[in-house]
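**Q** Below you'll find the structure I mean.
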Amino acid sequence: MRLRLVPQDTKWDFFSRPFLWLGISGALMVAAMVSFFVVGLNFGIDFKGGTTIRTESAQQVVVSEYRDALVPLELGDVTITEVFDVNFDENQNVTMIRIQAQEGEEAVTADVIREVEVALKTVAPDITFVSVESVGPKVSGELIQTAVIAVLLAIGAVLIYIWLRFEWQFALGAVAALVHDVVLTIGVFSELQIKFDLAIIAALLTIVGYSLNDTVVVFDRVRENLRKYKKMELKEVMNLSINETLSRTVMTSVTTLLALISLFVLGGDVIRGFVFAMIWGVIVGTYSSIFIASAVLLKLGVKRDWSKPDNTAGNQFANVDA
Amino acid sequence: MLQIDGWKRVLILLTCVVGLALALPNAFYPRVEAHNDAVADLEAGLSGNGLEELAAGWPSWMPSGLVNLGLDLRGGAHLLAEVQVSDVYEARIKSMWPEVRDLLREERATIGTIRLQPSPVDELRVKISKPEAIQEAASLVRGLARPVVSLTGAGATDLQVSVDGDTIVVQLSEAEKLATDERTVQQALEIVRRRIDEVGTREPTIQRQGADRILIQVPGIGSASELKDIIGTTAQLTFNPVVGRGSNPDASAGIGNEILPSLDEEGVYYTIESAPVVTGEELVDAQPTYDQNGRPAVNFRFNPTGARKFGDYTAENIGSPFAIVLDGEVVSAPTIQSHIPGGSGIITGRFTVEETTNLAVLLRAGALPAGLEFLEERTIGPELGQDSIEAGRIACIVAFVAVLVFMFLSYGTFGLFANIALIINVGLIFGLLSLIGATLTLPGIAGIVLTIGMAVDANVLVFERIREELKTSKGPARAIDLGYEKALSAILDANITTFITAVILFAVGSGPVRGFAITLGLGIMTSVFTAIFVTRLIIVMWFERRRPKTIEV
């Protein structure tokens, strides 16, 4: 007996409630954008400049004591968070201390780090700094710029590739799904205030890649079925294609999620935000390739029946609101 | 129908074997690393200390390339420095003064007396007493300009001389500035490299980034500030004539002079001539030593030009003091006792032994042509790196087992085939990473885990397709064949699009993001290879042996 996540020969209608799904996605995207513009992202030092110090001590951490110890140093905005992870030993107490970029300086000076260490030693004498990272405002500004360029480049390149391999309607559908995924991911980072750093950009681009992967597989089948069933309505062709590929879509998402979840739980706290973004992206990407990319394709209509140009016009418009 | 040519089979198997052999050393990381270090030491002519034994710890006919571990896994320091290229303009322009002065003095009859005017740091303003001869004087100064040596600045000269009333203004031309920037960064890069080599840490990465930046990564060093002490010091050594000595830092120095603090006498300031007699660039050697009183000092020697200049100067100025200036501070200002012809000398001051050792290293490696500003610095402790490796390894194994079990439950025998291919796939990724000497970072491990999840995708596509083809019952062999054939376009399109994003990540990203892009990109290549060649070969071989009448996928 085989494990089957999707029953054999499904005939589900994915377009029976187009407004419901587009409506949900639209609402989520609006929520994401509102959160992004109102609350903003919790930028890490890569994008904001400043210093993070990871401390380790055998003693129980009391965040307020740490904060009190640092107040006299007048370092401006200091955030202290305790870090928990399944991999830590019993008496391994880890905190992350983030200090804002100091005025007039690029990277933090060694003196400041030394002062912080001395101050914290009064609270936890055995404290050690496991890592110290400092990024100047100059570099962080450039990093934001390159990150935005990277995401736009990726979306643009993909648009062109799919346009060349398929048709422009397919390309637009795929890109609509991509934008949807990226917006929702940024939204979730803003809503949950998870640290947004350079690695998250890598995750975003991976989501772009993954979501595409899914979309392209569905589209590939649509293209094939369009040639096979020349008389079938576009809506039915798309439903058939999605149903045929559904088993694969779910299988791949599940194996990828299995791998990612094990990384999320066991991979340590350093990359947890990164892995979270990818888990979210896989779920959203799978959803969007069915409900967004395909829905957009259906709305745009496709050129049918390549051999007889006479019929195309009629078919194309007939399918616009199908 | 289901056939693969013999030579293709050999080629596929050979690729797998070679890939896995390349990956093998990583399974014995510490031993192979010790072996590689020992071999390098032996080649460098060292021996003893059990080096031969360590070298024998790994057979020499086996591949010994390892995946480099990134800083976040190994621990170490990372610095991004910006070379302050404009520092150089000032020094260049300042050093023009004696030349301009000597030139114009000879023409005193026509242009009158000359006087250096206060000016912004990157220009030289010279006033002459007979304004009517200003054009003549300017063209004389223009004669000092030399052609710019650079690819883009062909035909341009290095000086831009203009006239402002009765004053000649000398500036560096734009072409010269560009050429100077290029030279400065190259020099700074070279000197940073030399300094780090002098200290002798292993496998440092020193790269130029963009127009004026240098990226420095040194694994295993305790902290970034330690690294900054070595490379951040400019170590600009000059010997300047002393004009006076006082205690007021704000006193008027006089044009062409400057006031510098003393290094070890608090409150003491020296007025010195800005144009140096000799600079540290003309040093050929520097060693830590002790002076006649047994205090730590640094011994130095000039090259022949430097020695001659120094000799001439000391011969002409017996009895007057000169200053030894290091990075804008007067180390000492001894009085010239006699002509010093040999071109060697000693720098004394209140140094500790450690300081003299460091100073000697810095002087030997040469001064940085310009200051460095650190834009980014990261220190990662080795224990954090170790924790990350440990966590990454456990996560990889769990992910791997979960996917293997899931695939077997879903596809039975065919799932097993996909699993074998998956194991080969991960082996191939490590093999390729070792082969190209790529660096594995924490996001890189995430890339591998993601690949484990996504690698089965191509197989799933094929298996699902075979299932579909079986429904139209054309017999198992035909179904398998068609399954591969029809799934191919989807596999290629899906992977090429993902590959495009990996390439963009690699091109635009830096550091850890790049590490992720590399493993993701390699993972896509190996998973397509294993899915369309390796699993297919396994299935074909199984089919030939069993000849099943029906198959269940």
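**Q** Among residues other than B:Arg101 whose Cβ falls under 14 Å from its Cβ, what is the net charge (Lys/Arg +1, Asp/Glu -1)?
**A** +1
**Q** Right, something else. Only Cα pairs under 8 Å and at least 6 apart count here; give the relative contact order of chain A as a rounded whole percent.
**A** 24 percent
**Q** Looking at chain B only, what percent of DSSP beta bridges run antiparallel? Nearest 5 please.
**A** About 95 percent, rounded to the nearest 5.
**Q** Further question on the same structure: Relative contact order for segment B:236-353: what percent, with Cα pairs under 8 Å and sequence separation of 6 or more?
**A** Here the relative contact order equals 29 percent.
**Q** With labels modelled as points extended 7 Å from the Cα through the Cβ direction, what inter-label distance (nm, one decimal) is found for A:Lys303 paired with B:Arg478?
**A** 3.4 nm
**Q** Can you list the GluC sites (Glu not before Pro) in segment B:471-553 that are in a DSSP coil and have 15 or fewer other beta carbons within 10 angstrom?
**A** B:Glu552
**Q** At q = 0.14, 0.15, 0.18, 0.22 Å⁻¹, work out log10 I(q)/I(0) for segment B:86-179 with the Debye formula, treating every Cα as an identical point scatterer and leaving solvent out; two decimals please.
**A** Result of the Debye calculation: -0.48, -0.55, -0.77, -1.07.
**Q** Which whole-angstrom value gives the distance between the alpha carbon centres of segment A:46-118 and segment A:199-215?
**A** Computed from Cα coordinates, the inter-centre distance equals 32 Å.
**Q** Here is a follow-up. On alpha-carbon atoms, Rg over Rh for the protein assembly as shown using Kirkwood Rh?
**A** Here the Rg-to-Rh quotient is 1.08.
**Q** Right, another one. Between Rg and the Kirkwood Rh of segment A:50-135, both from Cα atoms, what is the Rg to Rh ratio?
**A** Result: Rg/Rh = 0.95.
**Q** Would you please give the residues with an amide H less than 5 Å from that of B:Leu440, counting only those at least 5 places away or on a separate chain, with H modeled from the backbone geometry?
**A** It is B:Asn68, B:Leu69, B:Gly70, by chain and number.
**Q** Still on this structure, I have one more. Between B:Ala145 and B:Leu103, with labels modelled 7 Å along Cα→Cβ, what's the label distance in nm to one decimal, could you check?
**A** 1.0 nm
**Q** Using all alpha carbons of segment B:380-457, what is the percent of pairwise distances in each 10 Å bin, ordered from the shortest bin to the longest?
**A** Percent of Cα pairs in each bin: 17, 45, 27, 9, 1.
**Q** To continue, here is another question. Rounded to a whole number of µm²/s, how large is the Stokes-Einstein D of chain A at 37 °C and 0.692 mPa s, given Rh as the Kirkwood radius over C-alpha pairs?
**A** My calculation gives 145 µm²/s for D.
**Q** Moving on. For the pair B:Leu13 and B:Ser60, what calculated FRET efficiency results from E = 1/(1 + (r/R0)^6), where r is the Cβ-Cβ distance and R0 = 22 Å, to the nearest 0.05?
**A** It comes out at approximately 0.30.
**Q** Can you give me the long-range amide H partners of B:Asp122? Hydrogens built in the peptide plane at 1.01 Å from N, cutoff under 5 Å, separation of 5 or more residues or another chain.
**A** The list, which skips near neighbours in sequence, is empty: none.
**Q** What relative contact order, as a whole-number percentage, does chain B give when Cα pairs under 8 Å and 6 or more residues apart are counted?
**A** Relative contact order of chain B: 17 percent.
**Q** Set Lys and Arg Cβ to +1 and Asp and Glu Cβ to -1, take the dipole of the protein assembly as shown about its Cα centre, and tell me which of A:Val94, B:Phe400, B:Phe239 lies farthest positive.
**A** Projecting each Cα onto the dipole axis, the largest value belongs to B:Phe400.
**Q** If you don't mind, another one. Report, to the nearest 10°, how far helix B:535-546 tilts away from the longest principal axis of the Cα atoms in chain B, using its own Cα long axis and a range of 0 to 90°.
**A** With both axes taken from Cα atoms, the answer is about 20 degrees.
**Q** Would you please give the FRET efficiency between B:Glu123 and A:Val118, computed as 1/(1 + (r/R0)^6) with r the Cβ-Cβ distance and R0 = 45 Å, to the nearest 0.05?
**A** Efficiency at R0 = 45 Å is approximately 0.45.
**Q** Could you tell me, in Å, what Rg and Dmax come out for the Cα atoms of chain B?
**A** Considering chain B through its Cα atoms, Rg and Dmax are 34.2, 113 Å.
**Q** Relative to the first principal axis of the alpha-carbon coordinates of chain A, what is the inclination of helix A:137-165, with its axis defined by its Cα atoms, in degrees from 0 to 90 and to the nearest 10?
**A** Here the helix axis deviates by roughly 10 degrees.
**Q** Continuing with this model, one more query. Using modelled backbone amide H atoms (1.01 Å from N, in-plane), which distant-in-sequence or interchain residues come within less than 5 Å of A:Val130's amide H?
**A** For A:Val130, the qualifying residues are A:Arg54, A:Thr55, A:Glu56.
**Q** A follow-up question, please. Could you give the size of the charge dipole of segment B:212-265 about its Cα centre, using +1 on the Cβ of each K and R and -1 on the Cβ of each D and E, expressed in debye and rounded to the nearest 20?
**A** Roughly 140 debye, rounded to the nearest 20.
**Q** When the dipole is taken about the Cα centre of segment A:48-189, and only Lys, Arg (+1) and Asp, Glu (-1) are charged at their Cβ, what size is it in debye, to the nearest 20?
**A** Charge dipole of segment A:48-189: 620 debye, to the nearest 20.
**Q** If we restrict to alpha carbons, what Rg and Dmax does segment B:415-494 come to, in Å?
**A** Using the Cα atoms of segment B:415-494, the pair Rg, Dmax is 15.8, 49 Å.
**Q** Going down the list A:Lys231/B:Lys549; A:Lys230/B:Lys8; B:Lys228/B:Lys309; A:Lys11/A:Lys299; A:Lys231/B:Lys471; A:Lys299/B:Lys471, which pairs span over 29 Å between their C-alpha atoms?
**A** Over 29 Å Cα-Cα: A:Lys231/B:Lys549; A:Lys230/B:Lys8; B:Lys228/B:Lys309; A:Lys299/B:Lys471.
**Q** Another question, if that's okay. Pull out the extension gain between A:Ile24 and A:Val39, defined as 0.36 nm times the separation in residues minus the alpha carbon to alpha carbon distance; nm, one decimal.
**A** Stretched out fully, the A:Ile24 to A:Val39 stretch lengthens by 3.2 nm.
**Q** Tell me, what is the FRET efficiency for B:Glu136 and B:Ser320 to the nearest 0.05, using R0 = 35 angstrom and their Cβ-Cβ distance as r?
**A** 0.50
**Q** Given points 7 Å out from each Cα along the Cα-Cβ axis, report the A:Val63 to B:Glu265 separation in nanometres with one decimal.
**A** About 5.6 nm separates the two model spin labels.
Readers should treat all values here as calculations from the given coordinates under stated rules, not as data from a laboratory. Only a predicted model underlies this, so the values are computations on that prediction, with no experimental measurement involved. Cβ sites come from the backbone with ideal geometry, for glycine too, and all protein chains shown count toward neighbours.
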